[in-house]
1. Based on this model, can you work out whether SER350 counts as more than 16 Å from the ligand (Cβ to nearest atom) and within 30 Å of ARG426 (Cβ to Cβ)?
2. For the condition of a type in the set (A, V, I, L, M), touching a helix residue (DSSP H, G or I) at 6+ places or on another chain (Cβ under 9 Å) and farther than 24 Å from GLY85 by Cβ, what is the one hit in VAL267, VAL253, VAL281?
3. Is there any pair linking a residue in region 440-462 that is of a type in the set (Phe, Trp, Tyr) to one that is open to solvent by 50 Å² or more (accessible area, probe 1.4 Å), with Cβ under 8 Å and at least six apart or on different chains, and which?
4. With the checklist (1) part of a loop (DSSP other than H, G, I, E, B); (2) surrounded by fewer than 22 Cβ atoms within 10 Å (Cβ to Cβ) in hand, flag the one item GLU344 doesn't pass.
5. Given ALA93, ALA97, ALA60, which one is among the small types (Gly, Ala, Ser), more than 29 Å from GLY318 (Cβ to Cβ), in a helix (DSSP H, G or I) and out of contact with any Leu (no Cβ under 6 Å at 6 or more places or on another chain)?
6. Tell me which residues, restricted to region 413-446, are hydroxyl-bearing (Ser, Thr, Tyr), farther than 22 Å from GLN276 by Cβ and open to solvent by 10 Å² or more (accessible area, probe 1.4 Å).
7. Out of SER455, SER432, SER419, I need the residue that is over 30 Å from ILE113 (Cα atoms) and of a type in the set (Gly, Ala, Ser). Which one?
8. For GLY207, work out the one condition from (1) touching a residue at least 60 places away in the same chain (Cβ under 8 Å); (2) touching a strand residue (DSSP E or B) at 6+ places or on another chain (Cβ under 8 Å); (3) assigned to a helix (DSSP H, G or I); (4) over 18 Å from LEU245 (Cα atoms) it doesn't fulfil.
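The values are calculated or read from the model by the stated rules, or taken from the named source; none is laboratory data. As the structure is a computational prediction, the values presented were derived from the model and not from experiment. Quick reminder, even Gly has a Cβ in these numbers, built from the backbone with ideal geometry, and neighbours come from all protein chains shown. We work out accessible area using only protein heavy atoms, side chains counted, and drop any ligands, DNA or RNA first. Shrake-Rupley method; radii C 1.70, N 1.55, O 1.52, S 1.80 Å.
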Amino acid sequence: MASVIQREPKVDEIVSYNPATGEEVGRVGQSSEGEVRTAVERSREAFHKWKKTSFRERRALVMRAREVILAEVDGIAHLISAESGKPFGEAIAMEIAPVLDLMQYFGRRAQSILKPKRINIGLYATMGRYSKIVHHPLGVVGIIPAWNYPFSIPLGEAVMALMAGNSVVIKPSELTPLVGVKIGEIFEKAGAPEDLIQIVSGDGRTGAALVDAAPDKIMFTGSVTTGKKIAAAAAKNLTSVVLELGGKDPMIVFDDANLELAAGAAVWGAFCNSGQSCSSVERLYVHESIADKLTKLIVEKTRELKQGSGDREDVSIGAMSSERQLEIVQDHVKQFREAGAKVEIGGRISIQNPKSKIQNLFYEPTVISGATNDMLPMQEETFGPTLPIATFKTEAEAIRLANDSEFGLTASVWTRDYSKGQRVARQIEAGSVCVNEVLYTHGIGQTPWGGFKNSGRGRTHGAEGLMELVQPQHIHVNRFAILPDAWWMPYSSTAVETFRGFATKFATGSMRKTSLLIPQLARRVWELVRKKK
Ligand code: TXE
């Protein structure tokens, strides 16, 4: 296999190549371990100033950064497309627009999501006490994203971290380093304080150095294998981690679904970004009575798609992001064929430029019928433009097949019966389940994102994601601080009798039962007051 690498990079350099053309997009220096450590130290200093800022100041920075992006939408989209291979329009629709929305949302709403909240402490309140939660930032947030959404994922997480009062160090993927550098430039242009948001460049070693430098949180997007390594390394410093580890997302189509819409959704859900989305439709389960009809519709729609270099506006499917990813897809399609499934369309490399000497990274969108869950590529993440279709007979079977996976990131259910859709959705083991929609909810920054099972730990986005970036502090106030508490020392038989009352009356949560304890409580408190005198 020919290599996309045309000229040797220097040892301390990362070269970024356009997967569609093999041309060099640019180079960045590889940050050394020492540089990463220094970045985290400086980040901590920046944090101590930033944590004192008001939400208004934080919002102003985020909104200025938004303006910088708005002024450069096409340029940023071309850079994303050049480094990742995805179509230019898709870079706008699926990365830039959603992250701009996330920025305005958290810019405006972080303050109210994080505002101090009173807690209902039940009968303790009758003793003149109250409790509230206030949220403190964590410190330095280290972000280690993958290459598939190189702009929106790290930028969205960075914005949420900054709004919560943290500082940020991002280690972009080695496949898309210049998009990472661009994020740094955006904040620089927006006038971010020095070292508040830093970019360190490099491969997995730089990522490992960032984890070892003991930031206060790691936000990671990537494979299960690397996620486990990061969790283990982070444990040495008790650094908490949020892991987004991909999926094998099922789409269930019932016989009462709008088939035209379901077919369009399946095509987009499986093939956008060449299938390299963690929430791509990777398995389609259709009721056997409509399987042929739906498959035919999907094949027709797939045939209409134009594939080519991502910088063209009429292209729907660009190049895959790396040789490694292409090899996985080829291997999975081969395994499907060998196991007896049928390739309805696609199933091979798409020749774009026959004279090119570099490895062609375009793979045709591929629809496969006759798939079953015992075929290996129905279990492993493909992360490519393949859509295997399997059938089911009953609702229970559809749910069982969908849940038969180590992953559980997203899923979708297609039916005109909304209550059935929601009933099925609740039984699917996945962090997000759509009824009559696919894939796009990562774009709704207001909603939590994260997986069940091996799809990850913790959440990004939504109020739940913001809470990952703060530590709660409980403040408890006794407004009735004139008498000692009945449970204080010294103990006595009156004390023990009172404690029994706590267990049998107060701990029921019943005001009526607790009121029976008042005489005993008074005796006990009087005992303590007398002793003091
Ligand atoms: O991911 P890695 P890769 C899946 C997809 C794909 C597979 C591998 O199935 O085929 O993962 O992709 C950094 N300490 N997803 O190789 O290795 C690395 O530099 C710290 C799902 O790209 O996990 C990069 O920045 N960091 C997915 C990031 O981790 C380390 C998106 C991801 O790299 C490190 C992409 C280490 N020891 C791929 N080793 C999703 N969840 O959406 C590597 N890195």
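1. no
2. The conditions single out VAL253.
3. Filtered contacts from region 440-462: TRP449/ARG459; PHE452/GLU429.
4. (1)
5. ALA60
6. Selection gives TYR418, SER419.
7. SER419
8. For GLY207, the failing item is (4).
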